[in-house]
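Structure first, then comments.
The values are calculated or read from the model by the stated rules, or taken from the named source; none is laboratory data. Fair warning: this is a prediction, and the values are worked out from it, not measured in the lab. We place every Cβ from the backbone using ideal geometry, glycine too, and count neighbours over all the protein chains shown. Please note that ligands, DNA and RNA were not included when accessible areas were found on the heavy atoms of the full protein model with its side chains. Shrake-Rupley method; radii C 1.70, N 1.55, O 1.52, S 1.80 Å.
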Amino acid sequence: MERRSIAVRGIVQGVGFRPFVYGLAGRLGLGGSVRNRPGEVVIEVEGPATALDSFLHALAESAPPLAQIDELSWRPAPLRGEPHFSIVASEVVESGASALSPDVAPCERCVSELHDPRDRRHGYAFLNCTSCGPRLTIALSTPYDRARTTMAGFALCAACRREYEDPADRRFHAQPIGCPECGPRLAWIGADDEAAEEPLAAAVRTLREGGIVAVKGPGGFQLACDAASDSAVARLRAGKERGGKPFALLVADVPAARALCVLDAVAERLLTSAERPVVLLPRRPAGSGPRIAAGVAPGGALLGLLLPPSPLHFLLLDHFPGPLVLTSGNRGGEPMAIDDEAARRALAGLADGLLGHDRPIALRCDDSVVRWSGRRPIPIRRSRGSVPRPLRVGTMASRPVLALGGHEKNTFCMLREEQAVLSHHIGDLDTVDAVRDLRAAIDHYRDLLGLAPAVVACDLHPDYASTAIAYELAARDGLELLPVQHHHAHALTVAAENRVDGPLLGIVLDGSGLGTDGTVWGCELLAVDGARMERVGHLETVALPGGEAAVREPWRMAVSWLLAAFGELPALDLPPLAVEPGRVAAVERLVRSGVRSPPTSSAGRLFDAVAALLGLCQRVTFEGQAAMQLEAIARPGAERPYPFSIEAGEGPFVLRVTPTLCAVASEAAAGGDRAAIAARFHRTLVCALVDGARLARERHGLERVALSGGCFQNALLLESLHAALSEAGFTVLLPLTVPPNDGGLSLGQAVAAAQLEGGRPCA
C-alpha cells in the first residue's frame with residue numbers, strides 16, 4: 001500500500017475534472033480526496049501500488065475532453081488509512097497561478113434534453129453540464145466554484161442539488177447548473193418598456209415582424225434580425241454605423257449552412273466545434289439557397305456563418321428557422337453591452353426589444369472568427385470559445401510579463417514561464433469606453449490568473465492608447481517597460497505559437513506600424529532571433545498623402561503610386577481621375593511637398609492602390625475592404641507576374657514594384673480583364689517576396705520563414721506564398737490559432753519582452 005500526493009496543472013477546473021478523478025478512484029478502489037487550488041487540482045490518493053500506477057496513467061490519458069493537462073507531478077506521502085475517496089472544498093489562497101476553461105457550446109446530450117418534452121429542462125435556455133456551458137464569462141474569481149461565479153445568487157433546488165452531489169451524474173459539480181425552478185430566467189423588455197409573460201415568444205414575434213432584437217448571449221448582447229429582410233438589415237447597418245462591413249449569420253445546423261456556402265468536412269468540423277466560431281466561407285452562387293438580403297455582405301464572396309453557441313440561440317432558431325443576422329450589441333466603436341439596463345439605454349431606437357435574463361455576465365466576450373481557406377483555417381479573431389485557454393510558447397520567461405498589444409483589434413497577453421494567456425478581443429481603442437474596458441479586463445484577468453507582472457510590454461508607437469496604459473502601469477507599479485517594434489512582434493507571434501526558437505525570416509505584411517527609423521513600415525522582411533531584429537528588406541516607400549485620410553480613401557494611394565511609377569499623373573482614363581480634379585491636384589501637391597505625407601512601405605496601402613486603379617473601391621468603410629474586394633475578383637490561373645525588381649545595396653534591399661503599378665495602370669486603362677489583373681498582381685507580389693526571401697537566405701542563412709500581418713487574412717496571398725516558399729526550399733511557419741492581424745500582436749510582444757529581460761529558450 002502506498003499514498004501519493006498529486007498536483008495537476010492546466011485547464012482542470014470547470015471541466016468535470018474532479019468528478020472524473022472521483023469516479024476513477026472509485027473504479028480502482030482507492031481512498032483519498034481531490035480539491036481545487038488556484039491554478040491546479042490537488043489529489044491525495046492511496047491504495048496498492050499497481051492501482052496507483054493505473055490511476056496516474058488514466059489521469060494523463062483519459063481526462064475529460066475539455067481538460068488540458070499542462071503539468072502532472074507526484075510525490076510519496078504518509079499513509080492515512082482512508083478507505084473512501086471524496087471531493088473536498090476548494091482551497092482559497094491570496095494568489096496563485098490559475099487556468100480557466102473557455103465558454104463551451106452545448107454538448108449533444110444537453111441539446112437532446114433541450115428538445116425532449118419529457119425532460120424537466122425541456123426548452124430551458126440555461127441548461128448545461130460539466131462538458132459544456134459558460135465558464136470564463138461567469139467567473140468572478142478562482143478557484144472555479146459556484147460561489148465565485150455569477151451563479152452564486154441562484155440557490156439550487158432539491159432536484160438540481162441531487163444532480164450536483166451525485167458522482168454518477170454528468171452534472172456532478174457542474175458549477176453553472178440550474179433549471180426552470182431555481183436557475184436564471186429570461187425576460188423581455190419591449191420598445192415601450194413593457195415586459196412579456198413569454199419572453200421567447202415576444203422575441204420571435206418581433207423578428208417575424210421585421211424587427212431587431214437584442215439577445216443576451218453568453219458574452220454580451222447581440223443584435224439579431226431576419227437575414228432575408230432588406231429593411232431590417234438596412235436599419236441595423238445604419239444604426240450600428242456599420243458601413244459596408246459584412247454581417248455574420250446564425251444558422252440552425254450544417255444542412256442550413258450548406259444551403260448558403262460551400263462546405264467540406266473540415267469546414268463542417270470548424271462550424272460544429274465546441275468553440276463555435278464565426279466561420280468565413282465561400283458563398284454559393286446568387287439565386288441558390290435561401291434568400292439573403294443584399295445588405296448582409298455587400299459584394300462579398302464570403303459569408304460568416306455561426307451555429308448556435310448557447311441553448312438560447314437553439315431555441316430562437318427552433319421558432320424562427322432563420323438564418324438570422326447576428327452581430328455584437330453595440331453602436332460603432334463602443335464595447336458590447338452586457339448589462340440588461342445598460343443595453344436598454346445603449347440600444348434604444350435601434351433594438352425593438354431586449355431578450356435578456358437575470359444571470360450576470362462577468363466579462364464581455366465577442367465571437368471568435370476564423371476563415372476557411374480551403375486548405376487550413378486562418379484565425380481572424382480569437383475570443384469566445386478559445387480564451388483563456390493557455391498557449392505553450394518557445395520561450396521560458398523568468399519573470400511574469402504583461403503585454404498590451406496594439407491600438408486596433410486590441411488584445412493583451414499574460415506570460416508566465418512558458419504559458420501565455422491571450423485575452424478575449426477588446427477591439428479598437430478609439431473611444432473612452434473601449435479604453436476603460438481594456439483597463440477593467442486587465443484587472444479581471446490578473447485576479448483570475450493570479451498574475452503579478454514584473455515586466456510590461458507595448459508597441460513602439462507612442463500614441464497608441466495601449467502604449468499609454470503600459471507607461472502608466474510601469475510608473476504606478478514599478479514595472480520594467482519594454483516597447484517592441486510592431487512587425488518584430490508580429491513575426492514572434494507566429495514563431496511562439498509554433499514553439500520555434502532561434503533565427504528566422506519574418507515576412508510581415510500589414511497596414512502600418514511604426515518602424516525603428518520613425519517611418520511607417522508595412523511590408524517587411526526581418527531577420528529575427530528572439531529579442532534581436534534586423535530589417536533586411538522591404539517594399540519601396542511611397543507617400544501616404546493625408547496620413548489616415550489615405551487609409552479611408554484608397555484613390556489617394558493610387559495617385560501616390562502613379563506619381564512614384566510615372567513621375568507624373570499619366571494621361572490615362574483611370575478611376576482615380578473620376579474623383580473631383582481639384583482633390584486629385586491637392587493630393588498630388590501633398591505628395592510632392594511631403595506635407596502630411598509620411599513615407600510608407602505598407603503592403604495594405606499597395607493593395608488599396610491596385611483596388612482603386614481597377615475601380616473596385618475608392619473609399620472604404622472598414623479596414624481591409626479594398627483588399628478583400630481585390631482578392632474576391634481575382635481569378636488565379638497560370639498567370640505570369642508583372643515586372644518588378646529588387647534593389648540590393650549595402651543596407652536593406654528594396655522590392656521595387658513601381659514597374660508593376662505601371663503595368664496594372666496601363667492594362668486597366670486599356671480595358672483589361674479586372675479578374676486577370678487582380679490575379680497577376682497577387683502573383684507578382686508572391687514572386688517578389690520569394691525572391692526577397694532567397695536573397696535574405698543568401699545574406700543571412702535564414703531557412704525558416706514566419707508569415708504574419710493582417711494582409712495574410714487574404715487566403716489567396718497566404719496559400720500562394722506558402723506554396724512558393726515551400727517549393728523554394730524554405731520551412732514556412734503559419735498562424736495556427738492566433739490571428740496574424742493585430743489581434744495577435746500582444747503574444748509577440750510578450751515573447752520579445754521575455755527574451756529581452758533575460759528569458760531563456762525552453763528545453
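Restricting region 137-155 to residues that are under 15 Å from F126 (Cβ atoms) and not hydrophobic (A, V, I, L, M, F, W, C) leaves a set whose member that is most open to solvent (accessible area, probe 1.4 Å) is G153.
Among residues of region 239-253 that are within 12 Å of E623 (Cα to Cα) and part of a loop (DSSP other than H, G, I, E, B), those with a Cβ under 6 angstrom from a residue that is hydrophobic (A, V, I, L, M, F, W, C) and open to solvent by 20 Å² or more (accessible area, probe 1.4 Å), sequence gap 6+ or separate chain, pair up as G243/F622; K245/F622.
Check Y471, Y464 and return the single one that is touching a His at 6+ places or on another chain (Cβ under 6 Å), open to solvent by 10 Å² or more (accessible area, probe 1.4 Å) and under 18 Å from V432 (Cα atoms). Explain how you work it out, then say what you get.
Numbers: Y471 fails: touching a His at 6+ places or on another chain (Cβ under 6 Å).
After applying the criteria, what remains is Y464.
Scanning region 333-356 for residues that are closer than 28 Å to T411 by Cα and part of a strand (DSSP E or B) yields a single hit, G356. So which residues in region 480-503 are at pLDDT 95 or above, open to solvent by less than 20 Å² (accessible area, probe 1.4 Å) and touching a strand residue (DSSP E or B) at 6+ places or on another chain (Cβ under 7 Å), if there are any at all? Listed by number, the residues that qualify are V484, Q485, H486, H487, H488, H490, A491, L492, T493, V494, A495, A496. Of all residues in region 669-681 being in a helix (DSSP H, G or I) and open to solvent by 10 Å² or more (accessible area, probe 1.4 Å), which is farthest from L721 (Cα to Cα)? If we take residues in region 669-681 being in a helix (DSSP H, G or I) and open to solvent by 10 Å² or more (accessible area, probe 1.4 Å), then A669 is farthest from L721 (Cα to Cα). When the strands (runs of 3 or more DSSP E) confined to region 477-542 are screened for residues that are within 21 Å of L718 (Cα to Cα), those reaching at least 3 such residues are found at 504-514, 520-529, 532-539.
Scanning region 43-52 finds one or more residues that are surrounded by fewer than 18 Cβ atoms within 10 Å (Cβ to Cβ), among the polar types (S, T, N, Q) and either within 15 Å of Y144 (Cβ to Cβ) or at pLDDT 95 or above (or both).
Taking the criterion of being open to solvent by 20 Å² or more (accessible area, probe 1.4 Å), part of a loop (DSSP other than H, G, I, E, B) and over 21 Å from M533 (Cα atoms), would at least one residue in region 736-752 satisfy it? Give the steps one after another, and end with the answer.
Taking region 736-752 first, the residues open to solvent by 20 Å² or more (accessible area, probe 1.4 Å) are 736-737, 742.
Among the residues that remain, those that are also part of a loop (DSSP other than H, G, I, E, B) are: 736-737.
Then keep just the ones that are over 21 Å from M533 (Cα atoms); that gives 736-737.
Yes, that holds for at least one residue.
Scanning region 226-241 for residues that are under 26 Å from the mean Cα position of the chain (by Cα) and surrounded by fewer than 19 Cβ atoms within 10 Å (Cβ to Cβ) turns up A238, G239, E241.
Does G304 satisfy being touching a residue at least 12 places away in the same chain (Cβ under 8 Å) and surrounded by fewer than 19 Cβ atoms within 10 Å (Cβ to Cβ)?
Working: touching a residue at least 12 places away in the same chain (Cβ under 8 Å): yes; surrounded by fewer than 19 Cβ atoms within 10 Å (Cβ to Cβ): no.
No: the conditions fail for G304.
Does any residue of region 394-408 turn out to be surrounded by fewer than 20 Cβ atoms within 10 Å (Cβ to Cβ), free of Cβ contacts under 8 Å to residues at least 40 places away in the same chain and not small (G, A, S)? The answer is no; no qualifying residue exists. In this structure, does L200 turn out to be open to solvent by 20 Å² or more (accessible area, probe 1.4 Å) and under 26 Å from V15 (Cα atoms)? Here the answer is no, as L200 does not meet what is asked.
Of the residues examined, E698 is one that is at pLDDT 95 or above, farther than 23 Å from D510 by Cα and open to solvent by 30 Å² or more (accessible area, probe 1.4 Å).
Pull up region 552-574, narrow it to residues that are out of contact with any Pro (no Cβ under 6 Å at 6 or more places or on another chain) and surrounded by 20 or more Cβ atoms within 10 Å (Cβ to Cβ), then point me to the one that is modelled with the lowest pLDDT.
Start the filter on region 552-574 by keeping residues that are out of contact with any Pro (no Cβ under 6 Å at 6 or more places or on another chain), which leaves 552-554, 557, 561-574.
So of that shortlist, the ones also surrounded by 20 or more Cβ atoms within 10 Å (Cβ to Cβ) come out as 553-554, 557, 561-563, 565, 574.
Working: E553: 96, P554: 96, M557: 97, W561: 97, L562: 96, L563: 97, A565: 95, L574: 74.
Filtering region 552-574 for residues that are out of contact with any Pro (no Cβ under 6 Å at 6 or more places or on another chain) and surrounded by 20 or more Cβ atoms within 10 Å (Cβ to Cβ), the one modelled with the lowest pLDDT comes out as L574.
Working carefully through the options R619, R583, R635, R640, find the one that is assigned to a helix (DSSP H, G or I) and open to solvent by 50 Å² or more (accessible area, probe 1.4 Å). Exactly one of R619, R583, R635, R640 is assigned to a helix (DSSP H, G or I) and open to solvent by 50 Å² or more (accessible area, probe 1.4 Å), namely R583.
Among strands (runs of 3 or more DSSP E) lying entirely in region 1-102, which contain 2 or more residues that are closer than 23 Å to R416 by Cα?
Numbers: elements: 2-11, 31-37, 40-47, 68-77, 85-87.
Fully inside region 1-102 and qualifying: 2-11, 31-37, 40-47, 68-77.
Residues that are open to solvent by 50 Å² or more (accessible area, probe 1.4 Å) and aliphatic (A, V, I, L, M) do not occur anywhere in region 245-253.
Considering only residues in region 177-212 that are of a type in the set (G, A, S) and in a loop (DSSP other than H, G, I, E, B), the one that is modelled with the lowest pLDDT turns out to be A191.
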